[in-house]
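I have placed the structure first, in the form of structure tokens, so that the comments after it can refer back to it.
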2 protein chains.
Amino acid sequence: MTWLELADDAPFGLSTLPYGVFSDVGTPPRVGVRVGDRVLDLAGVARALSHERADVFSQPSLNAFMQLGPQQCQEVRAWIGQLLEDPAHRDLVERHLVDVDSVVLHLPVEVADYVDFYASESHASNVGKIFRPESPDLPPNWRHLPIGYHGRAGTVVVSGTDVVRPAGQRRPGSDGVPPFGPSASLDVECEVGFVIRGPTELGASVPVSEAREHLFGVVLLNDWSARDIQAWEYVPLGPFLGKSFATSISAWVVPFEALAESQVPLPGQDPPVLPYLRGETDSDLFGMDLHLEVRVNGSLVSSPQFRDMYWSPAQMLAHLTVNGASLRTGDLFASGTVSGTDPATYGSLLERTWNGTDPIVLEDGTTRGFLEDGDQVTLSGWAPGPAGTRVTLGEVTGTITPQGHPRRGHSLG
Amino acid sequence: MTWLELADDAPFGLSTLPYGVFSDVGTPPRVGVRVGDRVLDLAGVARALSHERADVFSQPSLNAFMQLGPQQCQEVRAWIGQLLEDPAHRDLVERHLVDVDSVVLHLPVEVADYVDFYASESHASNVGKIFRPESPDLPPNWRHLPIGYHGRAGTVVVSGTDVVRPAGQRRPGSDGVPPFGPSASLDVECEVGFVIRGPTELGASVPVSEAREHLFGVVLLNDWSARDIQAWEYVPLGPFLGKSFATSISAWVVPFEALAESQVPLPGQDPPVLPYLRGETDSDLFGMDLHLEVRVNGSLVSSPQFRDMYWSPAQMLAHLTVNGASLRTGDLFASGTVSGTDPATYGSLLERTWNGTDPIVLEDGTTRGFLEDGDQVTLSGWAPGPAGTRVTLGEVTGTITPQGHPRRGHSLG
């Protein structure tokens, strides 16, 4: 408890303190910190206190702040904690706290490169069964390396942005002509995104043991997927238009400092991985105990558990760079769909409805194989924090609009 | 001929006038135009003449200039032509011409998203034969859509940047353990890159008939490829580390205005493509008569002809956006390896040496299956210009360095 009168178990309590970019009427986008139902204007309070890094908080993305490096970012987090707990700062801080419902939230990160992994064994296995029934569930490389591919950075959008149903080609029927039109199997993928701090030099690699220095924070990420477009296009060079129309991330980036208590051992890797994926100490490889929920129009349809993931975020980053690929601040990589072995934890409708053959029933009695126009999908989550508190992972939401319909670029809140 | 005493058939003559970004000792990177063996300091001359757009030429990339739009870019090209041809400007222009050997050339474009296509039928067919001998040469989707995938924008580098041989996993032998180490089959891919002008709105598409408005210019592009890494990783989500370590582009971007004479009919598409890939008039779909050459350590190893490509650049752009994916200024898409049916026109060593089984002999008598450390690869090219002149496509070059070796970030010239 502080003078804020924010309960220890309130959403976005003091154990979370995520960063975002916001604006209110007539003001430019700048960096803020979410505190309960309010946003602390970090740019404003830093300027008022002549903080030596006030300039980085006045930027329209978190990139300049992230690039300060791990130690300075930790110092800023400690400073924010002091601001919020020390009554001496109360008047100043209160002048720079704004109601989150009164501001516009912007894409928090200027995304450099976006990579999507495929790190859930259940998800990869389910997709294999559905898309490649004639082959083994997992491809032969799957347990040897965290499979990944590049996605479209320019269509990463902030939570609340409407998603236009994409058009595209589908697999031909007996006439050999690919049908063309709006996707008939539009899907959600419940993922966790990792926001990266760089830069690294071209030709250098980031070992598993140094991954934490580059892991700035976590977002929830919906890797919207048009399954019919994807199924027709993806051989041999991978997903393209089935994914590139939109990828939504939450507006609040939860820094890794807030997630110390959520780090847990991996479920186990067999066969043993190559040395570059091992790390130096047991703690170098970590899973994360992130509890996720997928809702369609408010109905809970799945509860994926990130601790089920086969590959560690640190391994994904080490693999991404083992060929000498450099990192930039603002790089974003996602885990791939989070699915466990229990169907109630499958993170996509493809798996949850088994390619539409076993529809789910929503609270209003309607059924879904895939998403319909007007459907609102919301991913939310939390992680264990210190002393029994919860770290809030926030939410990422988006509504499907038909082709040619007016869209909102941003939502309030 | 102008007062420049530049022969009509000189490289980088007045029918080319490509844009780049350069700096010389103690000056910041800024926009220049290549004229013969010299660089016209566009930032300097525009400032001296109080040109209304002088600010965009003082930027360290072409992005702000490109974003002015097609009409303003045409006006700038006409203005540059006047500067170089009108004796009244001679003194001013001469003060702003610097020898290209005395400057550093920088990456000309701040690359937003990088997409690589696969638009040569011969290349796709050859790769199919080599990588998937048990399947038909072309995948079933190949003639219906220009297959593409996203690459790593952050590792696009300017010509002259050394390329560190990437390390990675390879397909396991009988022991089931993937070997790990420097790639043993490092390859070149001779491609043409298209630099894009945006932005477009998320949810909107660019029809074939409007593609020219977004095609700013052309670069030569070497999509370095580690075939052993690629072959093991690419199923099911496509190439990743086998490509992401480096992609080299030429320092000079040849604007589309210079390439009017190079536009030729496509070789022909059968079966007919879907309406969104057709365009409205015959001229909407165009091939390009670009003559390319691949040299290893100075020895000519291939002469790919871009007019052999199956898909039009306009179709690639229309396909890329048909799902509503938005464009940003600085997006870059590449054609995929340019290969004809004649082995002397194959644009990769994979094809030229048939996966190393039929090595080529260089002028020094040594042979190559794939690239060795120290090898220098240079792609160069030209296109027909007005009145029998040649438009110079310049060159993109890079030298392979072993792991852990010092590298040069930029070369002079």
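The values are calculated or read from the model by the stated rules, or taken from the named source; none is laboratory data. These numbers were taken from a predicted model, which means no experiment stands behind them. Reconstructed Cβ throughout: ideal geometry from the backbone, glycine too, with neighbour counts over all protein chains shown. Only protein heavy atoms, including side chains, enter the accessible area calculation; ligands, DNA and RNA are left aside. Shrake-Rupley method; radii C 1.70, N 1.55, O 1.52, S 1.80 Å.
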**OP:** Would you please name the residue that is nearest to the chain's Cα centre (by Cα), looking only at residues in the stretch B:212-238 that are surrounded by fewer than 24 Cβ atoms within 10 Å (Cβ to Cβ) and within 11 Å of chain A (Cβ to nearest Cβ)?
**Re:** B:GLN230
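For the structure I just gave you, tell me whether B:SER183 is in the same structural domain as B:VAL235 (by TED's automatic domain parsing), open to solvent by less than 10 Å² (accessible area, probe 1.4 Å) and polar (S, T, N, Q).
Yes.
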Subject >> Among (1) closer than 23 Å to A:GLU210 by Cα; (2) in a loop (DSSP other than H, G, I, E, B); (3) open to solvent by less than 10 Å² (accessible area, probe 1.4 Å); (4) touching a strand residue (DSSP E or B) at 6+ places or on another chain (Cβ under 8 Å) - the single one A:PHE333 does not satisfy >> reply: (2)
Original post:
Do you know which of the residues in the stretch B:102-138 that are β-branched (Val, Ile, Thr) and surrounded by 20 or more Cβ atoms within 10 Å (Cβ to Cβ) is farthest from B:GLY356 (Cα to Cα)?
Top reply: B:VAL103
**OP:** Please enumerate the residues belonging to the stretch A:258-287 that are part of a helix (DSSP H, G or I) and either of a type in the set (Lys, Arg) or under 24 Å from the mean Cα position of the chain (by Cα) (or both).
**Re:** A:ALA258, A:LEU259, A:ALA260, A:GLU261, A:SER262, A:LEU277, A:SER283, A:ASP284
Original post:
Can you spot a residue in the stretch A:28-41 that is farther than 21 Å from A:VAL103 by Cα and in contact with a His (Cβ under 8 Å, 6 or more places away or on another chain)?
Top reply: no
Subject >> Listing of strands (runs of 3 or more DSSP E) fully contained in the stretch A:133-243 that carry 3 or more residues being under 28 Å from B:VAL157 (Cβ atoms) >> reply: A:148-151, A:190-196
Original post:
Out of B:ASP99, B:ASP162, which single residue is within 11 Å of chain A (Cβ to nearest Cβ), surrounded by fewer than 24 Cβ atoms within 10 Å (Cβ to Cβ), over 17 Å from B:ASP228 (Cα atoms) and not polar (S, T, N, Q)?
Top reply: B:ASP162
Original post:
Of the residues in the stretch A:152-192, how many are of a type in the set (D, E, K, R), in contact with a helix residue (DSSP H, G or I) (Cβ under 9 Å, 6 or more places away or on another chain) and under 20 Å from B:ASP113 (Cβ atoms)?
Top reply: 1
**OP:** Determine if the stretch A:34-42 includes at least one residue that is within 24 Å of the chain's Cα centre (by Cα) and surrounded by fewer than 16 Cβ atoms within 10 Å (Cβ to Cβ).
**Re:** yes
Original post:
Which one of B:LEU300, B:LEU292, B:LEU317 is outside any loop (DSSP other than H, G, I, E, B) and buried (at least 24 other Cβ atoms within 10 Å of the Cβ)?
Top reply: B:LEU317
Subject >> For B:THR345: the one exception among (1) away from chain A (no Cβ under 14 Å); (2) more than 18 Å from the chain's Cα centre (by Cα); (3) not aliphatic (A, V, I, L, M) >> reply: (2)
**OP:** Only one of these is at pLDDT 95 or above and under 30 Å from B:PRO139 (Cβ atoms): B:HIS96, B:HIS123. Name it.
**Re:** B:HIS123
**OP:** Being over 14 Å from the mean Cα position of the chain (by Cα), crowded, with 20+ Cβ neighbours inside 10 Å and not polar (S, T, N, Q) is the filter here, so list the residues in the stretch A:239-257 that pass it.
**Re:** A:PRO239, A:PHE240, A:LEU241, A:GLY242, A:LYS243, A:PHE245
Subject >> the stretch A:131-159, subset farther than 22 Å from A:ARG227 by Cα and without any contact (Cβ under 8 Å) to a residue 12 or more places away in the chain, residue nearest to the other protein chains (Cβ to nearest Cβ) >> reply: A:ASN141
**OP:** Report the residue count in the stretch A:154-211 for those that are hydrophobic (A, V, I, L, M, F, W, C) and more than 19 Å from A:GLY404 (Cβ to Cβ).
**Re:** 14
**OP:** Name the residue, out of B:SER58, B:SER50, that is open to solvent by 30 Å² or more (accessible area, probe 1.4 Å), on the phi > 0 side of the Ramachandran plot and not assigned by TED's automatic domain parsing to the domain that holds B:VAL219.
**Re:** B:SER50
**OP:** Go through the residues of the stretch B:269-276 one by one and say whether even a single one is in contact with a Pro (Cβ under 7 Å, 6 or more places away or on another chain) and open to solvent by less than 10 Å² (accessible area, probe 1.4 Å).
**Re:** no
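So, A:ASP289, is that one touching a residue at least 24 places away in the same chain (Cβ under 8 Å) and in contact with a helix residue (DSSP H, G or I) (Cβ under 6 Å, 6 or more places away or on another chain) or not?
yes
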**OP:** List the number of the failed condition for A:VAL361; all other conditions in (1) in contact with a helix residue (DSSP H, G or I) (Cβ under 9 Å, 6 or more places away or on another chain); (2) over 28 Å from A:VAL156 (Cβ atoms); (3) of a type in the set (A, V, I, L, M, F, W, C) hold.
**Re:** (1)
Subject >> Matching residues in the stretch A:357-379 - criterion: being open to solvent by 30 Å² or more (accessible area, probe 1.4 Å) and in contact (Cβ under 8 Å) with a residue 40 or more places away in the chain >> reply: A:GLU363, A:ASP364, A:ASP373, A:GLN376
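Name the strands (runs of 3 or more DSSP E) wholly inside the stretch A:1-104 in which the number of residues that are among the β-branched types (Val, Ile, Thr) and closer than 24 Å to A:VAL219 by Cβ is 3 or more.
Values: elements: A:19-23, A:30-35, A:38-41, A:97-99.
In the stretch A:1-104, A:30-35 are the strands (runs of 3 or more DSSP E) which contain 3 or more residues that are among the β-branched types (Val, Ile, Thr) and closer than 24 Å to A:VAL219 by Cβ.
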Original post:
Inside the stretch A:105-118, can you point out the residues that are away from chain B (no Cβ under 12 Å) and in contact with a Pro (Cβ under 8 Å, 6 or more places away or on another chain)?
Top reply: A:HIS106
Original post:
Can we say A:SER262 is closer than 18 Å to A:GLU213 by Cα, open to solvent by 40 Å² or more (accessible area, probe 1.4 Å) and not assigned by TED's automatic domain parsing to the domain that holds A:PRO70?
Top reply: no
